[in-house]
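Derivation of every value follows stated rules applied to the coordinates shown; laboratory data play no part. Since this is a predicted model, take the numbers as computed values, not measurements. Here Cβ is always computed from backbone atoms with ideal geometry, including for glycine, and neighbour counts include all displayed protein chains.
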Amino acid sequence: MTESKPVLWIERLVPGGDGLAELAGLKVFVRSAAPQEKVRVRIVERHRDYAVAEIVEVLEPSPLRVAPPCRYYGPCGGCQLQHISYQGQLVVKKLLVNDALQRVGKVFVPVHNIANHSQEWHYRNKTQFPVATHIGFYRRRSHEVLAVEECRLHPPQFDQVRATLAQALARGVDQGYDETGHQGNIRHLIVRRSEPEGKMLVIVVTRTRHLAAEVVRALARTPDVTAVVQSINPARTNRILGPEIRPLTGQPYLFETVLDKRLRVSAQSFFQVNLGQAEVLCKKVLKYAEPTGTETVLDLYCGVGMLSLVLAGFVKRVVGIDREAAAISDAEENRRLLGIDNAEFRCRDVESDWTDLAALRPDVVILDPPRKGCPLETLKRVA
Ligand SMILES: C[S@@+](CC[C@H](N)C(=O)[O-])C[C@H]1O[C@@H](n2cnc3c(N)ncnc32)[C@H](O)[C@@H]1O
């Protein structure tokens, strides 16, 4: 390979958003490329069986390429596909799923078009800002925090909460966290928003038990903030929340409404970040479950019971399983508030002993595991 700037044809995108091209038989991953375009690149990394390149010039742009609207796009690690039109992103993501199933997993099933019911921007109901000297998001492929004053993925209200904490830190009332030295205090600022009320729950994750009263007061005074919660995480870890949660002002939960069901979500419970898509998900699960009213349904990794409680009205019995005590307590409270009496929730690890779950003889099993996926053993048990 020469030091010249080769011209490459981008075949397709790979997970993570890089474009894949070939140069004299070598795979080249091209950053911020779009599928089906011709680019001149600079090789920035060489490995035995692949190389990484950056675009110097787009010679023939992909029909999917657009100018990214966010001023932080590129350095910010939050987004990978803003240089592709929204409709193009839906196609690219479908192809990635198809590729993962067929080429990697050797599973040959039809992959449908993405059922999209999302707003294009400002759709997230939760954002986690890392806090260091700055507050924002990690730079791409780094743990250095980039100050990001506005983000198009979440409601503009979240930027105001971020600014409030940034101003308090600038006044020196508390300190951001230094990940390298495991020093300083405030590690993350998490903001969650309820729909349709638009009220916000703020979680401040600290290394120590201390959190300056002035920080709490300033956050609590920010418009639409109804609760401030502290999560204490003293460990040297990538996990964001710590084991201890301390409510400081207001109630340590909020309510989200999905398909007319109002659901309590505690600070530490999982909830789908895109409400429009959560409704699509519920409808799809309902469709695929093909309920007749006689089924026993097992909802593995049930969180606050969203899918269980939507299905409960159409089947005989639902049992939801989650290992997070706060989520199970939310699920149980949601069941009670909705007056549903054919759902129950158990706090346990899905992967532990299955005797009780097998004894339920479920007709339908829902699996919505965390991002790392479902262990093979669990899949075998379900099968
Ligand atoms: C992607 S969320 C799904 C939640 C729910 N289905 C929903 O849509 O709101 C995954 C859930 O799995 C739970 N979880 C992760 N690992 C688990 C395990 N080994 N056993 C039981 N629950 C687990 C998490 O607490 C989280 O609530």
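Listing for the model above:
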{"item": "Extension gain (nm, one decimal) between His47 and Arg381, 0.36 nm per residue minus Cα-Cα", "result": "116.2 nm"}
{"item": "By average C-beta atoms within 10 angstrom, highest first, the peptides 183-190, 235-242", "result": "183-190, 235-242"}
{"item": "Order of Leu96, Leu13, Leu165 - criterion: other Cβ atoms within 10 Å of each residue's Cβ, fewest first", "result": "Leu96, Leu165, Leu13"}
{"item": "Residue-count net charge about Asn116 - beta-carbon cut-off 11 Å; Lys, Arg +1, Asp, Glu -1", "result": "+1"}
{"item": "The range 321-335-the range 2-52 distance, computed between alpha-carbon centres (Å)", "result": "46"}
{"item": "Rounded FRET efficiency, nearest 0.05, which uses the C-beta distance separating Ala100 from Leu259 and R0 of 35 Å", "result": "0.75"}
{"item": "Candidates Asp368, Asp356, Asp341, ranked by Gaussian network fluctuation over the chain, Cα under 10 Å, top entry", "result": "Asp356"}
{"item": "Rounded if a/c under 1.5, otherwise prolate or oblate - the chain, Cα gyration tensor axes", "result": "oblate"}
{"item": "Sites Lys284 and Glu150, calculated FRET efficiency, Cβ-Cβ separation with R0 35 Å, nearest 0.05", "result": "0.60"}
{"item": "Packing rank of 137-147, 300-310, 373-383, where each peptide gets the mean count of other beta carbons within 10 Å, highest leading", "result": "300-310, 137-147, 373-383"}
{"item": "Partner lysines for Lys283 [C-alpha distance under 25 Å; skip if fewer than 8 residues away on the same chain]", "result": "Lys93, Lys94, Lys126, Lys261, Lys316, Lys372"}
{"item": "Under 9 Å, Cβ to Cβ, from Arg346 - net charge with Lys/Arg +1 and Asp/Glu -1", "result": "-2"}
{"item": "Cβ-derived FRET efficiency at R0 41 Å, Glu344 paired with Arg221, nearest 0.05", "result": "0.50"}
{"item": "Value of relative contact order over the chain, rounded to a whole percent, pairs C-alpha under 8 Å and six or more apart", "result": "8"}
{"item": "Packing-based ranking, highest mean first, of 289-296, 266-273 given that Cβ atoms within 10 Å are counted", "result": "266-273, 289-296"}
{"item": "Linear extension gain, His134 paired with Trp121, 0.36 nm per residue minus alpha-carbon span", "result": "2.3 nm"}
{"item": "Projected label distance in nm at Leu360 and Arg236, using a 7 Å step from Cα toward the beta-carbon", "result": "4.1"}
{"item": "Gain on full stretching of the segment that runs from Ser142 to Val14 - 0.36 nm per residue minus C-alpha separation", "result": "44.1 nm"}
{"item": "Residue among His83, His134, His210 with the largest mean-square fluctuation in a Gaussian network model of the chain, springs linking Cα atoms under 10 Å", "result": "His210"}
{"item": "In order through the range 359-371: 3J(HN,Hα) via Karplus (6.51 cos²θ - 1.76 cosθ + 1.60), integer Hz, x for Gly, Pro", "result": "5, 6, 6, x, 8, 10, 10, 9, 10, 10, x, x, 4"}
